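Here the structure is laid out as structure tokens; the discussion comes afterwards.
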């Protein structure tokens, strides 16, 4: 796995944080100790690369705290964000039984506490614990459905519809609120919606003029969620 050269930090053991996780909650204390021994806990600053597209995938990325983006790298900085993950998310599941190569890059959107867990250990636990295997499969299926939905939006929606769908996703799936500090840059929003940065700015400004959203010093609030839903559906 490619990661930035970061100093390993002290971390709590997985047993103590079991109640806040829904992926490792089915593991026994002994199995969680195995995870502890195989993980490296690292703090990443905003913009730092956690995994590089094309690099060897020797482990999974678990977002303990923070937020990361998963994206395909394009030419001349034209990237496409495929997914965004917040707290308690397991990233890189597709590498478990593939060719052990990251086909995307993972970068911290904000200051993030990351656990890097060895692939071999995850595979062993999947084979020995059916409930854990089911939890991992459920997350994989959810991520696949997200990707299908994202593909449909990018190929069938106009700019307004894409941005509306993106804001709804961020509100419901990432920030879990209609009012949040937007840690994504305008470039990130553009890469997530398949438009230019200027195009993303124009759409956001039109939403503000129509009193659908407000933006006060980086804190974005959805003022008319129903209007966003309509735009996402017909836009």
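The residues of the stretch 84-119 that are under 11 Å from residue 58 (Cα atoms) and either more than 14 Å from the chain's Cα centre (by Cα) or at pLDDT 95 or above (or both), listed by number, are 95, 96, 99, 100, 101, 102, 116, 117, 118, 119. Taken over the stretch 92-102, the criterion of being closer than 27 Å to residue 172 by Cα and either crowded, with 22+ Cβ neighbours inside 10 Å or outside the structural domain of residue 51 (by TED's automatic domain parsing) (or both) is satisfied by 92, 95.
Matching residues to (1) at pLDDT below 95; (2) surrounded by 18 or more Cβ atoms within 10 Å (Cβ to Cβ); (3) more than 20 Å from the chain's Cα centre (by Cα); (4) outside the structural domain of residue 86 (by TED's automatic domain parsing):
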{"position": "174", "(1), (2), (3), (4)": "yes, yes, no, yes"}
{"position": "193", "(1), (2), (3), (4)": "no, yes, no, yes"}
{"position": "198", "(1), (2), (3), (4)": "no, no, yes, yes"}
{"position": "203", "(1), (2), (3), (4)": "no, yes, yes, yes"}
{"position": "211", "(1), (2), (3), (4)": "no, no, yes, yes"}
{"position": "214", "(1), (2), (3), (4)": "no, no, yes, yes"}
{"position": "221", "(1), (2), (3), (4)": "no, no, yes, yes"}
{"position": "229", "(1), (2), (3), (4)": "no, no, yes, yes"}
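Taking residue 105 as the residue in question, decide whether it is in the same structural domain as residue 28 (by TED's automatic domain parsing) and in contact with a strand residue (DSSP E or B) (Cβ under 9 Å, 6 or more places away or on another chain). Yes.
Screening residue 67 on (1) under 26 Å from residue 154 (Cβ atoms); (2) crowded, with 22+ Cβ neighbours inside 10 Å shows it passes everything except condition (2).
The values are calculated or read from the model by the stated rules, or taken from the named source; none is laboratory data. On a predicted model such as this, the values are computed, not experimentally measured, just so you know. Methodologically, a virtual Cβ is constructed for each residue, glycine included, from the backbone with ideal geometry; neighbour enumeration extends over all protein chains shown.
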